[in-house]
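This report refers to the structure that appears directly beneath it.
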Amino acid sequence: MAVTLKDVAALVGVSVNTVSLALKDKPEIKLKTRERVKAAAEALGYRPNLNARSLVLRQTNTIGVAVTEIDNPVRMEFCERLRSLAARSGYRLLVTSLEHTGWQTRNISTLEDLLARRVDGLIIGYIWGIPGEQPLGKILQECRRNEIPAVLFGTPKTELADCVEIDFFDSAYRLTEYLISRGYREIAFFGADILSTRIQGYLQAMNDHGLKDGIQIREEPSNRLQNAAMFMNQYLQECGRPPRAIIAPNDLGAIGIISALKKQGWRVPEDCAVVGIDNIAIGEYFDPPLTSIGFDNGYFAQLVWDLLEKRLKKVENGPARNLKLHQELVIRGSC
């Protein structure tokens with residue numbers, strides 16, 4: 001059975017109220033009494049009832065974080081940076097994963113569970129599709145009704161919550177334009193969804209440079225490293241040779257593609273240039289080092305946390321804010 005304030009009070013010989021005040025280091029309780037109470041609490045193994053405290057204060061000092069494909073290194077690093085920022089402000093994170101099929105988020109019950117735990121705020125990342133046009137919109141509306149701040153990141157903007165959006169259209173456009181500037185004309189995009197902003201940016205760049213005949217889109221079923229390697233192997237079996245350049249939807253996919261090419265005797269970048277999106281740390285140390293486009297996750301996490309903290313502290317009470325980030329091109333040896 002859990003040790004209570006009453007148990008500590010009985011051991012010290014003071015009232016429950018005195019114990020409560022002493023454990024909070026209130027100056028109205030004599031220092032000697034505070035020390036006796038703390039020693040007794042430690043001896044008995046007393047732990048404060050956080051649930052009861054949260055009901056009184058109407059806050060839990062916890063933030064719910066839900067992210068799709070959370071095993072992605074970029075997203076894992078982001079969550080760790082976010083955890084550090086939250087801890088400095090006295091908050092802890094409850095991190096969970098979301099799933100999506102096409103443009104719909106599937107396990108919305110995960111977010112409902114976080115709200116049931118009375119989190120003080122929600123941070124939701126990398127949702128596909130327009131948030132207000134899927135079940136996620138109902139969750140965000142519930143947050144607004146109950147004055148629970150929510151921030152989205154890596155997701156299309158919405159009027160229902162603050163958002164830090166990544167301009168993936170611009171990223172893909174600039175990657176494609178860089179490859180074109182290097183003399184490549186046959187440039188393929190391996191992506192998971194034809195409607196993604198990454199693919200749309202690629203298409204726009206190819207069309208703007210009059211390279212419509214060089215467009216080649218392959219809908220890769222997954223962005224994961226192993227699946228990308230398998231997909232590249234299938235492509236080589238069907239086509240006999242790789243395209244002159246490939247844009248992968250993320251760095252893990254790019255690394256899987258390069259691995260498959262090298263195992264089958266193709267040289268990167270001499271036979272096929274490969275670039276990715278995200279600029280994960282391992283890309284710099286891969287062979288060849290991966291050309292990519294991305295930004296510092298620490299900066300990204302800081303923007304997201306600042307938006308949420310302003311809402312938590314009631315500093316920001318206006319309409320939903322939207323910030324759009326542009327990634328930086330990092331040129332290495334894979335093209």
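Just so you know, all these numbers are worked out from the coordinates, no wet-lab data involved. Owing to the predicted nature of the structure, the values given are computational and were not obtained by experimental measurement. Please note: Cβ atoms are built from the backbone with ideal geometry, for glycine as well, and neighbour counts cover all protein chains shown.
Return the FRET efficiency for the residue pair residue 71, residue 26: r is the Cβ-Cβ distance, R0 is 45 Å, and the value is rounded to the nearest 0.05. So the FRET efficiency works out to roughly 0.45.
Over the Cα atoms of the chain, the radius of gyration divided by the Kirkwood radius equals 1.14; this is the Rg/Rh ratio. When shorter helices are ignored and each DSSP H run of at least 4 residues is given -39500 (n - 2.57), the per-residue value for the chain at 222 nm works out to -13000 deg cm²/dmol. Extension gain, residue 219-residue 43: 0.36 nm per intervening residue step, less the Cα-Cα distance, totals 57.1 nm. For the residues 304, 12, 315, a GNM of the chain with alpha-carbon springs under 10 Å puts the largest fluctuation on 12.
Annotation: amide H of residue 224 has no partner in the under-5 Å range at sequence separation 5 or more or interchain, hydrogens built in the peptide plane. Which percent, nearest 5, of DSSP beta bridges in the chain are antiparallel? For the chain, the DSSP antiparallel bridge percentage is about 15. Using a Gaussian network model of the chain in which every pair of alpha carbons under 10 angstrom is joined by a spring, one finds that among 312, 323, 31 the greatest mean-square fluctuation is at 31. What the Cβ-Cβ distance of residue 332 and residue 94 gives, at R0 = 41 Å and to the nearest 0.05, is a FRET efficiency of 0.65. In sequence order, region 179-185 has phi-based couplings of 4, 4, 5, 8, x, 7, 10 Hz under the Karplus curve 6.51 cos²θ - 1.76 cosθ + 1.60, θ = phi - 60°, and Gly or Pro positions carry x. When every Cα-Cα distance of region 200-335 is counted in 5 angstrom steps from zero, the calculated P(r) takes the values 2, 9, 16, 18, 16, 12, 8, 6, 5, 4, 2, 1, 0 percent.
The ranking of 326, 209 from fewest to most other beta carbons within 10 Å of each one's beta carbon is 326, 209.
At an R0 of 41 angstrom, the distance between the Cβ atoms of residue 147 and residue 208 translates into a FRET efficiency of 0.35.
Couplings 3J(HN,Hα) of region 21-32, computed from phi: 5, 5, 5, 8, 6, 6, x, 5, 9, 4, 4, 4 Hz, in residue order, whole Hz [Karplus 6.51 cos²θ - 1.76 cosθ + 1.60, θ = phi - 60°; x for Gly and Pro]. Taking the chain as a Gaussian network of alpha-carbon nodes connected by springs under 10 Å, the highest mean-square fluctuation of the residues 23, 308, 115 belongs to 23. Across all directions, the average projected area of the convex hull around the alpha carbons of region 5-48 is 2.5 nm². Using C-alpha pairs below 8 Å separated by at least 6 residues, the relative contact order for the chain is 14 percent.
Antiparallel beta bridges, as assigned by DSSP with both residues in region 198-335, represent about 40 percent of the total such bridges.
In this structure the amide hydrogen of residue 98, modeled in the peptide plane, comes within under 5 Å of the amide hydrogens of 67, 68, 69, 70, none closer than 5 places in sequence on its chain. Using 0.36 nm per residue and subtracting the Cα-Cα separation, the extra length available between residue 182 and residue 323 on full extension is 47.6 nm. What the phi angles of region 198-208 give under the Karplus curve with 6.51, -1.76 and 1.60, with θ = phi - 60°, is a coupling list of 4, 5, 5, x, 4, 4, 4, 5, 4, 5, 4 Hz, glycine and proline written as x.
Gain on full extension, evaluated as 0.36 nm per residue between residue 33 and residue 167 minus their Cα-Cα distance, stands at 42.3 nm.
Amide H contacts of residue 245: 188, 273, each under 5 Å away and 5 or more positions distant or on a separate chain (H built 1.01 Å from N in the peptide plane; Pro and chain starts excluded).
With both labels modelled 7 Å from their Cα along Cα-to-Cβ, the residue 107 to residue 138 distance reads 1.9 nm.
For residue 6, a cut-off of 26 angstrom between C-alpha atoms picks up these lysines, skipping any fewer than 8 places away in its own chain: 24, 26, 30, 32, 38.
The listed peptides 255-261, 277-283, 267-273, ordered by packing as a protection proxy, come out as 255-261, 277-283, 267-273 (highest mean of other Cβ atoms within 10 Å first).
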